[in-house]
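Below is one structure, written out as structure tokens; the observations come after it.
The values are calculated or read from the model by the stated rules, or taken from the named source; none is laboratory data. Bear in mind the structure is a predicted one, so any value in this text is a computation, not a measurement. Note that we place each Cβ from the backbone using ideal geometry, even for glycine, and neighbour counts take in every protein chain shown.
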Amino acid sequence: MAGSASITATVADAHPIWGQCVFLEATGTAEAIRGEYARRADEWPPLHFAIVQPPTDEALDPWYRLGFAQMHAYGMRESGGKRVEAPGVTIRRGGLDDLELAMRIDRLIHEAQAESPSFSAVPLEPDTHRQDWVETLEDDAVWYFVAERDGEAVGHLTLYADPHDEEALHLASTAVCPEARGGGIGVALTTHALAFAREHGHPRVWTNWRVTNLGASRFWPARGFRLMRLRLVRRLPEL
């Protein structure tokens, strides 16, 4: 028996990154979800995202059998803990004076995700990139931290209110310059953010990563972030 299913579809006609697409969430038995998807799929734009929370084998099964693949993982962990220091590294609050620095380090993430095995084709439009960072650094609700070694910036991260968890902060755009990697700077930045979140009354911190970004998909679970949600993707037509 197929049972019953409900699919909630949120259609975006002009998503800032993906353009026309639809975000799907479902409840019900696997076969009922597959049947309901088949019944409604031709109503939607050809780019489909499925949000699965929690990402259990049972919840993921119908989507995998519909041709969806993992795209982004969302992890959460408790805030707090001891700040871990990296030799010769200090962490400071940044601001608009760091605009060129923020853009330069953030580009490292885009470059890494364009490489194998991610092969991300999302373009980085220079004017939009600059304006996004101007707005980020001017926003009093965003905390921007810079790691410096011997007076030179070697990494950064941002923290802001998580859009899905009102008690939590979201950790984003975390990157370390290639020449400084392997020296504990990423750990120092992360533990600083976790301690900062607890000191400011936030019991949890979330982050997300592209599952095909091997560095990120290894780093964040090693920092204690537990997988809580997956975004899956399917683009039509496919072979």
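Laid out as a table, the results:
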| item | result |
| --- | --- |
| Residue match in region 25-42 (condition: farther than 14 Å from LEU232 by Cα and among the polar types (S, T, N, Q)) | yes |
| Hey, LEU66 touching a helix residue (DSSP H, G or I) at 6+ places or on another chain (Cβ under 7 Å) and modelled with pLDDT under 95 or not | no |
| Out of ARG40, ARG83, ARG92, ARG65, sole residue that is of a type in the set (Lys, Arg) and more than 25 Å from the chain's Cα centre (by Cα) | ARG40 |
| Of all residues in region 195-239 being assigned to a loop (DSSP other than H, G, I, E, B) and among the small types (Gly, Ala, Ser), the one that is surrounded by the fewest Cβ atoms within 10 Å (Cβ to Cβ) | GLY201 |
| Among residues of region 125-158, those that are touching a strand residue (DSSP E or B) at 6+ places or on another chain (Cβ under 7 Å) and touching a residue at least 40 places away in the same chain (Cβ under 8 Å), counted | 12 |
| Any pair with Cβ under 9 angstrom, 6 or more apart, that starts in region 223-237 at a residue that is touching a residue at least 40 places away in the same chain (Cβ under 8 Å) and more than 12 Å from GLU25 (Cβ to Cβ) and ends at one that is in a strand (DSSP E or B) and β-branched (Val, Ile, Thr) | ARG223/THR207; PHE225/VAL205; PHE225/THR207 |
| Residue within region 85-106 that is at positive phi and touching a strand residue (DSSP E or B) at 6+ places or on another chain (Cβ under 6 Å) present | yes |
| Answer residue from region 159-194, given it is assigned to a loop (DSSP other than H, G, I, E, B), in contact (Cβ under 8 Å) with a residue 12 or more places away in the chain and more than 15 Å from the chain's Cα centre (by Cα) and is farthest from PRO87 (Cα to Cα) among those | GLU167 |
| Residue, farthest from ASP61 (Cα to Cα), within region 13-29, restricted to residues that are at pLDDT below 95 and hydrophobic (A, V, I, L, M, F, W, C) | ALA14 |
| Counted residues, region 129-176 - those being more than 18 Å from PHE196 (Cα to Cα) and in contact with a Pro (Cβ under 9 Å, 6 or more places away or on another chain) | 1 |
| Hits in region 14-35 - residues which are part of a strand (DSSP E or B) and without any contact (Cβ under 8 Å) to a residue 24 or more places away in the chain | ALA14, HIS15, THR27 |
| Output for region 1-11, where each listed residue is surrounded by fewer than 17 Cβ atoms within 10 Å (Cβ to Cβ) and either of a type outside the set (Gly, Ala, Ser) or out of contact with any Phe, Trp or Tyr (no Cβ under 7 Å at 6 or more places or on another chain) (or both) | MET1, ALA2, GLY3, SER4, SER6, THR8, THR10, VAL11 |
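Residues are listed down the side, and each one gets a yes or a no for (1) in contact with a Leu (Cβ under 8 Å, 6 or more places away or on another chain); (2) under 27 Å from PRO123 (Cα atoms):
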residue	(1), (2)
VAL11	no, yes
PRO16	no, yes
GLU36	no, no
ARG39	no, no
PRO46	yes, yes
PHE49	yes, yes
GLN53	yes, no
